[in-house]
Amino acid sequence: MPLSLKWSVQRITTKFEFKIARSAESYYDVIILELSDGEFTAFGEAAPSKRYEQGHKAILELLSEFKNQILELAVDQAESRQDQLEKLFPQSYSLQAALDTAFWDLHGQRLGTPLWKIFGATRQLVTSSYTIGISDLSIIPEKIKEAAAYPILKIKLGTDYDHDIMRAIRAETDKVLRVDVNEGWKTLDDARRGAEWLAEENVEFLEQPMPAHQLDDIARLRDFSPLPLVADENSVRPEDIPGLVGVYDGINIKLMKCGGLTNARKMVSLAHEHKFDIMLGCMIETSIGISAMSQLGSFARWLDLDGNVLIANDPYKGVGNQAGEIILLEKPGLGIEKS
Ligand SMILES: [Mg+2]
């Protein structure tokens, strides 16, 4: 039976407003794909980030326009399929990711094998962090309480009241903290002072301290920084990785930036080749996107796969998250069910 493709827009609502250095949102419109061959139904998700592309409406137009070409893509030829996806949709990484994910899910279901096994990964994963977005100081105790079960917190900074935020968090908890500045510190002096100060606050690493285009400044910061530096906005696609040698210690890989599991696997290999530590991260996503990235989880030193537990209305069930422990399934493909 020929393939068929359906899509829908789902509005996912965050438990708390999700605020970072450059944006604040309380809901996100994501696009869910259902790819079927008549026997199996596979899922994919596009959670477009405004940092990298237009919103969901542009994706809906692309899906309508190119549906026939999509249905001709090969289910079992990931590399050539990804080449075609990049030619068809150069302006939408998240649509590439949604389609790549759905085709991988279908491939795994046909083989009767979980994707993590197909990828040569294992079920032994490190504990994922749980993100504390920027907020008024008065809300911080409530947010730390909401995160009580999670042993590792990722703190969003990059404001003009970073010290107050950290003081409010440290008044509530002595957990391991990771800090993501989301390009929020604009000068080398600010970044140097920030890195030095956070090293005294029992912080494990510093993510994207400065704007991606200030790569020279970040390289100078690294000469000084007592904390490892991890690239996020600087490590978008596989071709970015060689240029980060000497600037960063680790890279954050996300499906919605890189265009899917096929490219994420390439980034894992390149990270090994160039001796970068690997973090696997996410946008605010449902359990479809999170389950997809989790398939590569055992290749990472750090996991930040909490997008589905930050939302109040996840329409899907996939991998588990028990206090930050991501539980991979033995089901074929991604193992997604509607919740
Ligand atoms: Mg980040």
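From the set of residues in segment 97-110 that are surrounded by fewer than 24 Cβ atoms within 10 Å (Cβ to Cβ) and out of contact with any strand residue (DSSP E or B) (no Cβ under 6 Å at 6 or more places or on another chain), which is farthest from Leu261 (Cα to Cα)?
To start, the set of residues in segment 97-110 that are surrounded by fewer than 24 Cβ atoms within 10 Å (Cβ to Cβ) comprises 107, 109-110.
From the residues that got through so far, the ones that are out of contact with any strand residue (DSSP E or B) (no Cβ under 6 Å at 6 or more places or on another chain) too are 107, 110.
Values: His107: 13, Arg110: 18 Å.
Result: Arg110.
Condition first: open to solvent by 60 Å² or more (accessible area, probe 1.4 Å), under 17 Å from Lys257 (Cα atoms) and either in contact with a Lys or Arg (Cβ under 6 Å, 6 or more places away or on another chain) or not in a loop (DSSP other than H, G, I, E, B) (or both). Can you find one or more residues in segment 230-241 that meet it?
Looking for residues that are open to solvent by 60 Å² or more (accessible area, probe 1.4 Å), under 17 Å from Lys257 (Cα atoms) and either in contact with a Lys or Arg (Cβ under 6 Å, 6 or more places away or on another chain) or not in a loop (DSSP other than H, G, I, E, B) (or both), one finds at least one in segment 230-241, hence yes.
Name the single residue, out of those in segment 248-283 being in a loop (DSSP other than H, G, I, E, B) and among the basic types (Lys, Arg), that is farthest from the ligand (Cβ to nearest atom). Show your work before the answer.
Going through segment 248-283, the residues in a loop (DSSP other than H, G, I, E, B) turn out to be 248-249, 254, 259-260, 274-276, 281-283.
Those left that are additionally among the basic types (Lys, Arg): 254, 275.
Values: Lys254: 8, Lys275: 21 Å.
This residue is Lys275.
Being open to solvent by 10 Å² or more (accessible area, probe 1.4 Å), of a type in the set (D, E, K, R) and either in contact with a helix residue (DSSP H, G or I) (Cβ under 6 Å, 6 or more places away or on another chain) or under 24 Å from Arg265 (Cα atoms) (or both) is the filter here, so list the residues in segment 56-96 that pass it.
Once the filter is applied, which keeps residues that are open to solvent by 10 Å² or more (accessible area, probe 1.4 Å), of a type in the set (D, E, K, R) and either in contact with a helix residue (DSSP H, G or I) (Cβ under 6 Å, 6 or more places away or on another chain) or under 24 Å from Arg265 (Cα atoms) (or both), segment 56-96 yields Glu72, Asp76, Glu79, Asp83, Glu86, Lys87.
Which count do you get for residues in segment 308-330 that are crowded, with 16+ Cβ neighbours inside 10 Å and in a loop (DSSP other than H, G, I, E, B)?
Counting residues in segment 308-330 that are crowded, with 16+ Cβ neighbours inside 10 Å and in a loop (DSSP other than H, G, I, E, B) gives 10.
Can you pull out the residues in segment 236-289 that are in contact with an Asp or Glu (Cβ under 8 Å, 6 or more places away or on another chain) and under 27 Å from Phe224 (Cα atoms)?
Matches in segment 236-289: Asp249, Gly250, Ile251, Asn252, Ala271, Phe276, Asp277, Met279, Leu280, Gly281.
Restricting the search to segment 117-137, which residues are open to solvent by 20 Å² or more (accessible area, probe 1.4 Å), within 30 Å of Glu204 (Cα to Cα) and not in a loop (DSSP other than H, G, I, E, B)? Step through it out loud before you land on a result.
Looking only at segment 117-137, we keep the residues that are open to solvent by 20 Å² or more (accessible area, probe 1.4 Å), and these are 117-118, 120, 122-127, 136-137.
Those still in the list that are within 30 Å of Glu204 (Cα to Cα) too: 120, 122-127, 136-137.
Of everything in segment 117-137, just one residue is open to solvent by 20 Å² or more (accessible area, probe 1.4 Å), within 30 Å of Glu204 (Cα to Cα) and not in a loop (DSSP other than H, G, I, E, B), namely Leu137.
I'm trying to understand the selection: among the residues of segment 187-204, which are surrounded by fewer than 17 Cβ atoms within 10 Å (Cβ to Cβ), touching a helix residue (DSSP H, G or I) at 6+ places or on another chain (Cβ under 9 Å) and on the phi < 0 side of the Ramachandran plot?
Answer for segment 187-204, where residues must be surrounded by fewer than 17 Cβ atoms within 10 Å (Cβ to Cβ), touching a helix residue (DSSP H, G or I) at 6+ places or on another chain (Cβ under 9 Å) and on the phi < 0 side of the Ramachandran plot: Thr187, Glu196, Trp197, Glu201.
Within segment 222-238, count every residue that is within 16 Å of the ligand (Cβ to nearest atom) and either more than 17 Å from the chain's Cα centre (by Cα) or over 13 Å from Gly184 (Cβ atoms) (or both).
Keep residues of segment 222-238 that are within 16 Å of the ligand (Cβ to nearest atom), which gives 227-237.
Now narrow it down to the ones that are either more than 17 Å from the chain's Cα centre (by Cα) or over 13 Å from Gly184 (Cβ atoms) (or both): 227-231, 234-237.
Matching residues across segment 222-238 total 9.
Can you find a residue that is over 12 Å from Val247 (Cα atoms), part of a loop (DSSP other than H, G, I, E, B), touching a residue at least 12 places away in the same chain (Cβ under 8 Å) and open to solvent by 50 Å² or more (accessible area, probe 1.4 Å) anywhere in segment 205-222?
No, segment 205-222 has no match at all.
Touching a Lys or Arg at 6+ places or on another chain (Cβ under 6 Å) and of a type in the set (A, V, I, L, M, F, W, C): does that describe Ala74? Spell out the reasoning first.
Working: touching a Lys or Arg at 6+ places or on another chain (Cβ under 6 Å): yes; of a type in the set (A, V, I, L, M, F, W, C): yes.
Yes.
Of the conditions (1) open to solvent by 10 Å² or more (accessible area, probe 1.4 Å); (2) within 16 Å of the ligand (Cβ to nearest atom); (3) farther than 24 Å from Arg22 by Cβ, Val245 satisfies every one except a single condition; which number is it?
The single condition Val245 does not satisfy is (2).
The values are calculated or read from the model by the stated rules, or taken from the named source; none is laboratory data. Only a predicted model underlies this, so the values are computations on that prediction, with no experimental measurement involved. All Cβ positions, glycine included, derive from the backbone under ideal geometry; neighbour counts span all protein chains shown. The area values use the complete protein model at the heavy-atom level, side chains included, leaving out ligands, DNA and RNA. Shrake-Rupley method; radii C 1.70, N 1.55, O 1.52, S 1.80 Å.
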